[in-house]
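K.L.:
Handing you this structure, nothing more for now.
Here, each number is a calculation from the coordinates, and none is a lab measurement. A quick note: this is a predicted structure, and the numbers were derived from the prediction, not measured. Virtual Cβ from ideal backbone geometry, glycine too; neighbours counted across all protein chains shown.
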Amino acid sequence: MSTTNPIKDRDALALFRDYYKDSHPNPRNYTLIVMGLNTAFRIGDLLKLRWHDVYRVNGKLRGHICVEEQKTQKTRTVPINAALGQALESYRIYLSNPNSSAYLFPSGRCKSQPLSRCQAYRIVKNAARECGLSDHISCHSLRKTFGYQAWKQGTPPAMLMDLYNHSSYQITKRYLGIEQDERDQVYLNINL
């Protein structure tokens, strides 16, 4: 059984993130990836989002997205950062102000239904393959990449555990994808 990996290299991450913006333009797919990377929501929670979850009635972008996680039934409140805000605004303009009750990521076949988990997987997998990334990239890689990149920027693992709503520190450590070469760097850089 293979495990899903985070995208660790920042240049590879930028290529992957922008694949549906630059190489194969698709605003829905681009926004899906940007939102997954910036919120660390599970794919099932992303796919159930509707426009009113991110925009107010007056057409203004919300400051936060509140989601009751399907897996844990816990509520997560995540701020909309600049990168996500720009992706959402471009996507909304592209769609010419969509109905507030419409799914944020609708199915291509039936606009009244959300994108399927299977199709979301194909979207992520295709971008990864086209960008030369590992076979072990999937929708869950978006969530893991968030944690790995936050950890590399100095976010304490205990904070990540809280952000993920993980029940144990061991789960969070697995998410970070720390490998032996990264462990070695800690020892090699300490030089006391």
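K.L.:
Is there a quick way to get the dipole size of the stretch 1-141? I mean about its Cα centre, with the Cβ of Lys and Arg at +1 and of Asp and Glu at -1; what is the value in debye to the nearest 20?
P.N.:
420
K.L.:
Apply the Karplus parameterisation 6.51 cos²θ - 1.76 cosθ + 1.60, with θ equal to phi minus 60°, to every residue of the stretch 138-154 and state each ³J(HN,Hα) to the nearest whole Hz, in sequence, with x for glycine and proline.
P.N.:
Karplus values, whole Hz, x for Gly and Pro: 8, 4, 5, 4, 4, 5, 5, 5, 3, x, 4, 5, 5, 4, 5, 8, x.
K.L.:
While we're here: Whole-Hz ³J(HN,Hα) for each residue in the stretch 54-63, computed from phi via Karplus 6.51 cos²θ - 1.76 cosθ + 1.60 with θ = phi - 60°, x for glycine and proline: what do you get?
P.N.:
Once θ is set to phi - 60°, the couplings for the stretch 54-63 become 10, 10, 6, 4, 7, x, 8, 5, 5, x Hz.
K.L.:
Any chance you could give the angle, 0 to 90 degrees and rounded to 10, that helix 27-39 forms with the longest Cα principal axis of the chain?
P.N.:
In the chain, helix 27-39 runs at an angle near 40 degrees to the longest axis.
K.L.:
Taking the Cβ of E69 as the center, what net charge do the other residues with Cβ under 13 Å away carry, scoring Lys and Arg +1 and Asp and Glu -1?
P.N.:
+4
K.L.:
A further question follows. Among N5, A102, Y148, whose Cα lies farthest out toward the positive end of the dipole of the chain, if unit charges sit on the beta carbon of Lys, Arg (+1) and Asp, Glu (-1)?
P.N.:
Selected residue: A102.
K.L.:
Let me ask another. Let me check I've understood the local charge: for A14, count other residues with C-beta under 11 angstrom from its C-beta, Lys and Arg +1, Asp and Glu -1. What total comes out?
P.N.:
Summing Lys and Arg as +1 and Asp and Glu as -1 gives -1.
K.L.:
In addition: Which net charge results when you count Lys and Arg as +1 and Asp and Glu as -1 among the other residues whose beta-carbon is under 15 Å from that of D162?
P.N.:
My count for the surroundings of D162 gives +3.
K.L.:
Working from Cα positions, state the angle (0 to 90°, nearest 10) between the long axis of helix 180-190 and the longest principal axis of the chain.
P.N.:
Relative to the chain, helix 180-190 is tipped by roughly 60 degrees.
K.L.:
Still on this structure, please answer the following. Calculate I(q)/I(0) for the stretch 10-190 by the Debye formula, one identical point scatterer on each C-alpha and no solvent, and give its log10 at q = 0.10 Å⁻¹ to two decimals.
P.N.:
Debye curve over Cα of the stretch 10-190, log10 I(q)/I(0) at q = 0.10 Å⁻¹: -0.41.
K.L.:
Further question on the same structure: Return the sequence-ordered ³J(HN,Hα) values of the stretch 78-83 in whole Hz as given by the Karplus equation 6.51 cos²θ - 1.76 cosθ + 1.60 applied to θ = phi - 60°, using x for Gly and Pro.
P.N.:
Those phi angles translate into 10, x, 8, 7, 4, 4 Hz.
K.L.:
Taking the beta-carbon count within 10 Å as an exposure proxy, list I7, I171 from fewest neighbours to most.
P.N.:
Ascending Cβ contact count within 10 Å gives the list I171, I7.
K.L.:
Now for a separate question. Taking a cut-off of 18 Å between Cα atoms, list the aspartates and glutamates near K173, but don't count ones fewer than 8 places away on the same chain.
P.N.:
Hits, sequence-local ones excluded: D162, D181, E182, D184.
K.L.:
Return the calculated 222 nm mean residue ellipticity for the chain, to the nearest 500 deg cm²/dmol, obtained by summing -39500 (n - 2.57) across DSSP H runs with n ≥ 4 and dividing by the residue count.
P.N.:
-14500 deg cm²/dmol
K.L.:
Sticking with this one: Please list, in chain and number order, the residues 5+ apart from Y55 or on another chain whose amide H is under 5 Å from its amide H, with Hs placed from the backbone.
P.N.:
Distant-sequence amide H within range of Y55: R62.
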